[in-house]
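Participant: Submitted below is the structure of interest, expressed as structure tokens.
The values are calculated or read from the model by the stated rules, or taken from the named source; none is laboratory data. The structure displayed is predicted, hence computed values, not measured ones. Don't worry about glycine lacking a Cβ; one is built from the backbone with ideal geometry, like all the others, and counts go over all protein chains shown. Keep in mind that these areas ignore ligands, DNA and RNA; they rest on the heavy atoms of the full protein, side chains included. Shrake-Rupley method; radii C 1.70, N 1.55, O 1.52, S 1.80 Å.
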Amino acid sequence: MYGLGIVKGMAVTLRHFTETYLDDLRWAFRGGRYHNEEALKVRQHLGKNRGAVTINYPEEKLPMPERFRFIPFLVTDDPPPGQNWGHDWCTSCGICAKVCPPQCIWIKRGTKPNGRPKPEPEEFYIDIDICMNCGFCAEFCPFDAIKMDHDYELADYDRTYSHIHDKARLSKPISYWREIVPAKAAAEEAARELAEQSKGKRRSKDDEPEPQLADDVQRQLFYKGVLY
Amino acid sequence: MATEALTSDVPVPDELRSNVFVTSLDKVYNWGRRNSVWPMVFGLACCAIEMICTAASRYDLARFGMEVFRATPRQSDLMIVSGTVTKKMVPTIVRLYNQMPEPRYVLSMGACASGGGPFKEGYHVVDGIDKFVPVDVYVPGCPPTPQALINGLIALQEKIDQQSILTAPWYRKDTPSELVPIPALGPDLVDLRQLDIIRRHAGTVQEHTITELAQKTD
Amino acid sequence: MSDEALSEEAMQNEVVEVRVHTDPVEEAVERLTERFPEVVEDPRPDFGGYMVPANQIRDVAAYVRDELGFDYLSSVTGLDLIDEGKMEVVYHTYSIDKGGSALVLKVHVDREEPTVPSLTPMWPGADFQEREIWDLYGINFEGHPDQRRILLWDGFEGHPMRKDWHEPFYEEEHKPFGSRWPGGEVFRAEERNPYGKNVQYPAGWQPESLEFNPDTEVYAGMTVTREATPGLKTEKVTVNMGPQHPSTHGVFRMVVTLDGETVLKLEPVMGYLHRNHEQIGERNTFIQNIPFTDRLDYLSSMGNNHGYVLAVEQLLGSKVPERAEWIRILMVELNRISNHAWALGFLLNDMGAFQTPALYMITERELIVDFFEATAGSRMMCNYMRFGGVAYDLPTEFRGQPTMEFLDELIYEQIPRFIEEMDVYLTNNEIVRARGIGVGTLSAEEAIAYSTAGPVLRASGVPYDVRRAEPYSYYDELDFDIAVFYNGDVYDRYLVRIEEMRQSVRILKQILPHLRSTMGAPIVEGKPQYAIRVPRGGDAYGRVENPKGELGFYITAKTRSSNPERYHVRAPSFINLTALGKMCRGHKVADIVTILGSIDIVLGEVDR
């Protein structure tokens, strides 16, 4: 019958239309579907919703997955009281600057008073107008010193100065990293500890069995290249 | 009526500028404008996909009164430059910008539109749309997520909030808005505002032809 | 032995039989070198392919096409061999019937005024590719019907892909640039340019010589031609669509000559998103190219990654661990579904079903995109594959649910439900049928001649799918059908995409057990490295069946080098557009957007 296809299609749109309101009703007695932590959890998982879902940004924000990458930042020790950041983890080895695909990282290596290179960056710049958020710098940094930030709220009225991030802007304490990606940060810490230990082992030439780690941590280490 | 009085050529005394009436009028005026910013349907590259996702039901720009994507610049208030601007495209973008009615806003979405992005080193890429048209808000990221774009749009709303009906340039007769000259495609992209610099670098300067060229492109 | 086991064995036998077929290329080469004794194997070590004298390329091509059955000219690549003072053109031809790898023909010509006979009269699919080579390399194709610049504009100074041409922001031949470390003093490239912009002008060039009128520039082609037909006043109108047009899927422009509402001639104009992907790719090291490939076809970045790593893995000789291969297939097939969902939504948009289908499709796509974000770190720009594996394993948890459980739900429930819903919603809709059936037809012969790929080729009744023709990864172990329809119109292209989504679900269901059984296994070969040098030089061509069609990467490199010497992308969207003019001829102007939507182009890939 001519027109049946359209009628069937209209039934689909009608269902989509009503489902959204039915969802609203379902949540009505549990604090509503919006501005509700519990409802947001369900709503993130789009498949568990029948109707249309909307994230009411900025009132409610979608939590970012751990691997989410935006602009990089530099990891420092937790700052001593009264200061913004602590000792840099970066040793200015330059791997991130070499691997960066659009070459948006500039590092000025520090020098000791005797003129020898110091494992610390004197200056560190990232031009975020060039950065492509690929995450290679964080992936290949052997010291866990550069990480991809989750802060995407960077809209600005001017780019002349604010879009070249200098060391002051880039440095963030390790506690911030632990806060935004708890699981990955813990795995990295375990990996670092293991690396420390095996380093000590090699020196003492001890035949004790290597400390064993949980499977998922081991996989992390594998990826980090520590197991080789 | 009030608007008429304010926009007439009669200079407004300074003490009147802090008038309660004007500020509350500003509030109403800006409230109306900030909640009905109509963007132009204008997708350039990857960021356009995220822009479309922002407009779709999950992030829903309709919550900000911005769902009315207009296909013509004549009806739009906001140009979201969403993606890499190339030399071949920039004349069209400048033309579209010139065709937009005032007040007009430009949001540069993503690294490419702001400063060339990862493709900046390429021979055919414009290193930032702000070299040609004034940009109001920059949204960094490659690409910015929909939430980052909304963050930029909120920043734009805040900018609109700060504008005053008294100082808004689009009502003032003494400062007519200037059209951006449309860049030309020669052996490379030619910004017509830079003709004398180009000439200087070529070695010789011929004064009389500057006006000729300007007339030609008017 | 039970019947079932018997039949299973028989099936396996059949599969084995198919796999041991003789290589069609070897057989063809024997006949070719016999017929043309001048055709010799590429003498350079580790380079494949056959050298053809320039004056014989047409005869050889005709023989290859008509006698040897290599009837599909997939890709034409230009190269600048500056050290040898030569220019090279590489042709990849395939046999549609026999499948298998490519018969590669190479032509060397002098670098000064290089001229190669054009193959466009034989294979119209070479048209845009030869124009691109003329544009970027300045190789003159003798006999090309319309040799103009395609990505840049007429009047641009120089041929930018030549190795001795340097862009305004040129720093060094290869990355990493020395100015970044250890004495990295930050600068913006424009600060070092006298014009403060990414421009340069030839020495002594005066702007007075610029002949420029913005109106004729932008409205070029808006012309009216009156024909003096006795007793009847007719006129042809040439109108311009794009580059800023809501239904051109980006910055794409078409110049259309109309007789009333009927299209007489349509000419695509592109280059509005030409981002110098290939030139940047030659400056980059191998690994630096992976995130750039994301930005080619930005709706299917996983597929782009896959094609590129396959090509480089040929040079590296990597072996990919089993789990990594399964994860790659998982990602690529999910990507295919999300890409087709997007393509169908916007095809419907073009048909006039404004917004609603597109919104439903985007909602479903968000689900997959969210999974990409949790796995690879970004919604669109995944940057997920590495040489010899993938970057990360699947996350253990996704949205508070174990990942494998989520994938079960996604693959067994949500995606099939969505596909069936869209099928009910759209497939039998009378308007879709009326706008789609018989519109933009392309016969099988034309589809092959125009080198179209992917859903466009398969909707014309050509069952050619790289996953079956030259299986890569584990596709030869997977059970799926190639979606083929035979009318070659817009509606069939729509049906092909729906069917391909179903087949993708079928593939995904088969790989879930493998993902479970390989849990915890290595996901990358060896230690992840950033400084990658190819042990041997030579050339490699890696191709995958991307949602848009065959995506190929042609890479040449010197031995022990860390960056490609030539990096060429065979972009399916770009080559599919060659047939657009043919498909639109004779249809109404309103059908243009539908036909364009049914090709499913992404400008990032068209212009690169």
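Participant: Consider segment C:513-553. How many of its residues are facing chain A (nearest Cβ under 9 Å) and within 29 Å of the chain's Cα centre (by Cα)?
Facilitator: 6
Participant: Same structure, new question: Which members of segment A:98-118 meet the condition of being open to solvent by 70 Å² or more (accessible area, probe 1.4 Å) and closer than 30 Å to C:N383 by Cα?
Facilitator: A:R109
Participant: If a residue has to be within 14 Å of another protein chain (Cβ to nearest Cβ) and in a helix (DSSP H, G or I) to count, how many in segment A:140-180 make the cut?
Facilitator: Looking only at that region, the number is 6.
Participant: May I ask you to list the residues in segment C:504-523 that are aliphatic (A, V, I, L, M) and either in a helix (DSSP H, G or I) or open to solvent by 10 Å² or more (accessible area, probe 1.4 Å) (or both)? Give the steps one after another, and end with the answer.
Facilitator: Here is the first cut: in segment C:504-523, the residues aliphatic (A, V, I, L, M) are C:505, C:507-508, C:511-512, C:515, C:519, C:521, C:523.
The answer is C:V505, C:I507, C:L508, C:I511, C:L512, C:L515, C:M519, C:A521.
Participant: Scan segment B:56-77 residue by residue and report those that are more than 23 Å from B:N151 (Cβ to Cβ) and part of a loop (DSSP other than H, G, I, E, B). Please lay out each step first, then the result.
Facilitator: Within segment B:56-77, the first condition is being more than 23 Å from B:N151 (Cβ to Cβ), and the residues that meet it are B:71-75.
Listed by number, the residues that qualify are B:A71, B:T72.
Participant: For segment A:107-130, state whether one or more residues are under 20 Å from the mean Cα position of the chain (by Cα), assigned to a loop (DSSP other than H, G, I, E, B), over 22 Å from B:V135 (Cβ atoms) and among the aromatic types (F, W, Y).
Facilitator: Step one: of segment A:107-130, the residues under 20 Å from the mean Cα position of the chain (by Cα) are A:124-130.
So of that shortlist, the ones also assigned to a loop (DSSP other than H, G, I, E, B) come out as A:128-130.
Checking the rest, the ones that are also over 22 Å from B:V135 (Cβ atoms) come to none.
Taking every residue of segment A:107-130 in turn, none turns out to be under 20 Å from the mean Cα position of the chain (by Cα), assigned to a loop (DSSP other than H, G, I, E, B), over 22 Å from B:V135 (Cβ atoms) and among the aromatic types (F, W, Y).
Participant: Considering only residues that are open to solvent by less than 10 Å² (accessible area, probe 1.4 Å) and either within 11 Å of chain A (Cβ to nearest Cβ) or closer than 26 Å to C:W165 by Cα (or both), which ones fall in segment B:106-117? Talk me through it step by step, then tell me what you get.
Facilitator: Within segment B:106-117, the first condition is being open to solvent by less than 10 Å² (accessible area, probe 1.4 Å), and the residues that meet it are B:106-111, B:113-117.
Result: B:L107, B:S108, B:M109, B:G110, B:A111, B:A113, B:S114, B:G115, B:G116, B:G117.
Participant: What are the residues in segment C:159-181 that are open to solvent by less than 30 Å² (accessible area, probe 1.4 Å) and either part of a strand (DSSP E or B) or more than 8 Å from every other protein chain (Cβ to nearest Cβ) (or both), if any?
Facilitator: Once the filter is applied, which keeps residues that are open to solvent by less than 30 Å² (accessible area, probe 1.4 Å) and either part of a strand (DSSP E or B) or more than 8 Å from every other protein chain (Cβ to nearest Cβ) (or both), segment C:159-181 yields only C:M161.
Participant: Here is a further query. Inspect segment C:417-428 for any residue being more than 11 Å from chain A (Cβ to nearest Cβ), of a type in the set (A, V, I, L, M) and part of a helix (DSSP H, G or I) and give the result as yes or no. Please lay out each step first, then the result.
Facilitator: Filtering segment C:417-428 down to residues more than 11 Å from chain A (Cβ to nearest Cβ) leaves C:419.
With of a type in the set (A, V, I, L, M) added as a condition, the list becomes C:419.
Those still in the list that are part of a helix (DSSP H, G or I) too: C:419.
Checked against the condition, which is being more than 11 Å from chain A (Cβ to nearest Cβ), of a type in the set (A, V, I, L, M) and part of a helix (DSSP H, G or I), segment C:417-428 yields at least one hit.
Participant: Quick one: which residue in C:I532, C:I511, C:I507 is in contact with an Asp or Glu (Cβ under 6 Å, 6 or more places away or on another chain) and either touching a residue at least 60 places away in the same chain (Cβ under 8 Å) or closer than 20 Å to C:I368 by Cβ (or both)?
Facilitator: Details: C:I532 fails: in contact with an Asp or Glu (Cβ under 6 Å, 6 or more places away or on another chain); C:I511 fails: in contact with an Asp or Glu (Cβ under 6 Å, 6 or more places away or on another chain).
Criteria check complete, one pass: C:I507.
Participant: Taking only segment C:182-200 into account, find how many residues are assigned to a loop (DSSP other than H, G, I, E, B) and more than 10 Å from chain A (Cβ to nearest Cβ).
Facilitator: Within segment C:182-200, residues that are assigned to a loop (DSSP other than H, G, I, E, B) and more than 10 Å from chain A (Cβ to nearest Cβ) number 8.
Participant: I'm trying to understand the selection: among the residues of segment B:55-67, which are more than 8 Å from chain C (Cβ to nearest Cβ), on the phi < 0 side of the Ramachandran plot and not small (G, A, S)?
Facilitator: Restricting attention to segment B:55-67, the residues satisfying the condition of being more than 8 Å from chain C (Cβ to nearest Cβ) are B:55, B:59-67.
Then drop every residue that is not on the phi < 0 side of the Ramachandran plot, which leaves B:55, B:59, B:61-64, B:66-67.
Passing the criteria: B:Y59, B:L61, B:R63, B:F64, B:M66, B:E67.
Participant: Being open to solvent by less than 10 Å² (accessible area, probe 1.4 Å), at the interface with chain C (Cβ under 9 Å from one of its Cβ atoms), within 16 Å of B:S57 (Cβ to Cβ) and in a loop (DSSP other than H, G, I, E, B): is that true of A:V53 here? If you could, list the steps in order and put the result at the bottom.
Facilitator: Values: open to solvent by less than 10 Å² (accessible area, probe 1.4 Å): yes; at the interface with chain C (Cβ under 9 Å from one of its Cβ atoms): yes; within 16 Å of B:S57 (Cβ to Cβ): yes; in a loop (DSSP other than H, G, I, E, B): yes.
Yes.
Participant: List the number of the failed condition for C:L344; all other conditions in (1) within 24 Å of B:C142 (Cβ to Cβ); (2) touching a Lys or Arg at 6+ places or on another chain (Cβ under 6 Å); (3) part of a helix (DSSP H, G or I) hold.
Facilitator: Answer for C:L344: the failing condition is (1).
Participant: Of the conditions (1) farther than 24 Å from C:G158 by Cα; (2) in contact (Cβ under 8 Å) with a residue 40 or more places away in the chain, B:F69 satisfies every one except a single condition; which number is it?
Facilitator: The one condition B:F69 does not meet is (2).
Participant: Select from segment C:238-256 the residues that are modelled with pLDDT under 80 and open to solvent by 20 Å² or more (accessible area, probe 1.4 Å) and list them in ascending order. Don't jump to the end; show me each part of the working.
Facilitator: Going through segment C:238-256, the residues modelled with pLDDT under 80 turn out to be C:242, C:246-248.
Result: C:P246, single match.
Residue by residue, here is whether (1) touching a Leu at 6+ places or on another chain (Cβ under 9 Å); (2) within 13 Å of chain A (Cβ to nearest Cβ) holds:
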site	(1), (2)
B:F69	yes, no
B:Q75	no, no
B:T86	yes, no
B:N98	yes, no
B:R104	yes, no
B:F119	no, yes
B:H124	yes, no
B:V139	yes, yes
B:L156	yes, yes
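Participant: Something else: Can you pull out every residue in segment B:141-152 that is more than 7 Å from chain A (Cβ to nearest Cβ) and touching a Phe, Trp or Tyr at 6+ places or on another chain (Cβ under 6 Å)? Spell out how you get there, then give the answer.
Facilitator: Here is the first cut: in segment B:141-152, the ones more than 7 Å from chain A (Cβ to nearest Cβ) are B:143, B:146, B:149.
The one that is more than 7 Å from chain A (Cβ to nearest Cβ) and touching a Phe, Trp or Tyr at 6+ places or on another chain (Cβ under 6 Å): B:P146.
For every residue, the table says whether it meets (1) under 19 Å from C:F553 (Cα atoms); (2) assigned to a loop (DSSP other than H, G, I, E, B); (3) in contact (Cβ under 8 Å) with a residue 12 or more places away in the chain.
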{"site": "C:S451", "(1), (2), (3)": "yes, yes, yes"}
{"site": "C:V484", "(1), (2), (3)": "no, yes, yes"}
{"site": "C:G488", "(1), (2), (3)": "no, yes, yes"}
{"site": "C:R497", "(1), (2), (3)": "no, no, yes"}
{"site": "C:R502", "(1), (2), (3)": "no, no, yes"}
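Participant: Next question. Quick one: count up the residues across segment A:1-35 that are in a loop (DSSP other than H, G, I, E, B) and either surrounded by fewer than 14 Cβ atoms within 10 Å (Cβ to Cβ) or more than 14 Å from every other protein chain (Cβ to nearest Cβ) (or both).
Facilitator: Step one: list which residues in segment A:1-35 are in a loop (DSSP other than H, G, I, E, B), which gives A:1-3, A:29-35.
With either surrounded by fewer than 14 Cβ atoms within 10 Å (Cβ to Cβ) or more than 14 Å from every other protein chain (Cβ to nearest Cβ) (or both) added as a condition, the list becomes A:1-3, A:29-32, A:35.
Count: 8.
Participant: Moving to a separate point now. C:D350 - would you say it is among the acidic types (D, E) and surrounded by fewer than 21 Cβ atoms within 10 Å (Cβ to Cβ)? Step through it out loud before you land on a result.
Facilitator: Working: among the acidic types (D, E): yes; surrounded by fewer than 21 Cβ atoms within 10 Å (Cβ to Cβ): no.
Answer is no for this residue.
Participant: Right, another one. Condition first: within 14 Å of C:R65 (Cβ to Cβ) and hydroxyl-bearing (S, T, Y). Now tell me which residues in segment C:93-110 satisfy that. Step through it out loud before you land on a result.
Facilitator: The first filter runs over segment C:93-110 and keeps only residues within 14 Å of C:R65 (Cβ to Cβ), leaving C:93-98, C:102-103, C:105.
Of everything in segment C:93-110, those that are within 14 Å of C:R65 (Cβ to Cβ) and hydroxyl-bearing (S, T, Y) turn out to be C:T93, C:Y94, C:S95.
Participant: Also, quick follow-up: Tell me which residues, restricted to segment C:133-185, are of a type in the set (G, A, S) and over 17 Å from C:V116 (Cα atoms). Give the steps one after another, and end with the answer.
Facilitator: At the first step, the residues of segment C:133-185 found to be of a type in the set (G, A, S) are C:138, C:143, C:155, C:158, C:178-179, C:183-184.
Passing the criteria: C:G155, C:G158, C:G178, C:S179, C:G183, C:G184.
Participant: Which of (1) of a type in the set (F, W, Y); (2) over 28 Å from C:F398 (Cβ atoms); (3) open to solvent by less than 20 Å² (accessible area, probe 1.4 Å) is the odd one out, the single condition A:F68 does not satisfy?
Facilitator: (2)
Participant: When you scan segment B:39-57, how many residues do you find that are free of Cβ contacts under 8 Å to residues at least 12 places away in the same chain and of a type in the set (G, A, S)?
Facilitator: 2
Participant: Within 11 Å of chain A (Cβ to nearest Cβ), open to solvent by 10 Å² or more (accessible area, probe 1.4 Å), of a type in the set (D, E, K, R) and more than 22 Å from the chain's Cα centre (by Cα): does that describe C:E405? So that I can check it myself, show each step before the final result.
Facilitator: Numbers: within 11 Å of chain A (Cβ to nearest Cβ): no; open to solvent by 10 Å² or more (accessible area, probe 1.4 Å): yes; of a type in the set (D, E, K, R): yes; more than 22 Å from the chain's Cα centre (by Cα): yes.
No, not satisfied.
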